[in-house]
């Protein structure tokens with residue numbers, strides 16, 4: 001191995017284990033923004049997925065097709081759209097949200113919402129519809145019956161949340177455009193990796209890359225575990 005690469009890797013590990021303040025601040029921003037985004041979008045998205053799976057209404061399949069299409073929209077396109085909406089001359093410019101953590105949260109909600117809706121829809125469709133009909137026949141109100149179905153689909157819904165979190169924790173385009181990549185405030189792991197690599201500061205980029213790689217492994221293991229439990233139930 002090239003000695004310069006080896007020394008860079010050693011420096012990256014030192015940054016991690018010596019609890020470098022700047023590095024861990026970046027990691028903290030990533031987790032804070034992404035956890036907030038997934039928590040704010042989970043219940044509304046699951047509710048939409050439930051309605052699309054259980055309730056028959058005109059245009060239902062059009063909505064399902066739209067949400068499926070939205071899952072593949074590039075993050076930079078969502079970032080550009082949100083930037084235009086939040087910029088000074090945009091319709092929401094007076095809110096002064098551009099280049100802030102709330103703007104990053106909104107962007108990540110837009111990214112993970114279609115994933116949560118589609119996976120929740122699939123989860124509820126996988127449940128025997130008679131469970132809903134039986135609950136309603138026994139006198140359970142709509143809310144109680146919906147909670148019963150959600151409990152039946154709990155592993156699939158948890159898998160949806162993990163998949164959504166995996167999508168947003170590693171995205172770079174939207175966060176870069178609406179967050180501004182401000183050190184100590186809106187610089188997260190992916191945007192920091194892009195910036196440090198462009199500057200030739202590979203140690204911090206490698207350190208953050210290791211964190212992202214470890215997180216990806218943990219999330220994928222958790223996702224596989226949850227799906228396995230769901231199949232056993």
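The numbers here are math on the coordinates, done by the rules we state, and not lab data. From a predicted model like this one, the values you see are computed outputs, not experimental measurements. Virtual Cβ from ideal backbone geometry, glycine too; neighbours counted across all protein chains shown.
May I ask you to sort 50, 57 by Cβ crowding, counting other Cβ atoms within 10 Å and putting the fewest first?
Numbers: 50 21, 57 8.
Ordered from fewest to most neighbouring Cβ atoms within 10 Å, 50, 57 come out as 57, 50.
Estimated purely from DSSP H runs of n ≥ 4, each contributing -39500 (n - 2.57), the mean residue ellipticity at 222 nm for the chain is -26000 deg cm²/dmol once divided by its residues. Convex hull volume per residue, computed on the Cα atoms of the stretch 27-128, equals 120 Å³.
Averaging over all projection directions, the Cα-based convex hull of the stretch 150-226 occupies 6.0 nm² in the image plane. Label point of residue 87 set 7 angstrom out along Cα-Cβ; within the stretch 146-176, amide nitrogens under 18 Å from it belong to 173-176.
Going by neighbour counts of Cβ atoms within 10 Å, the residues 30, 175, 87, 198 line up, fewest first, as 198, 87, 30, 175.
Computed from label points 7 Å out along Cα-Cβ, the spacing between residue 213 and residue 10 is 1.9 nm. Taking a quarter of the surface of the Cα convex hull of the chain gives a mean projected area of 16.1 nm².
With each label modelled as a point 7 angstrom along the Cα→C-beta vector, the residue 61-residue 24 pair spans 5.5 nm. Each of residue 68 and residue 80 was given a label point 7 Å from its Cα along the Cα-to-Cβ line. The distance between the two points is 2.6 nm. Structure remark: mean-square fluctuation, Gaussian network model of the chain, C-alpha springs under 10 Å; the largest value among 125, 101, 204 belongs to 125.
Cα convex hull, the stretch 98-233: 109 Å³ per residue, rounded to a whole number. Taking 0.36 nm per residue of separation and subtracting the current Cα-Cα distance, fully stretching the chain between residue 39 and residue 199 would add 54.2 nm. Between the alpha-carbon centres of the stretch 137-151 and the stretch 97-134 there is a gap of 20 Å.
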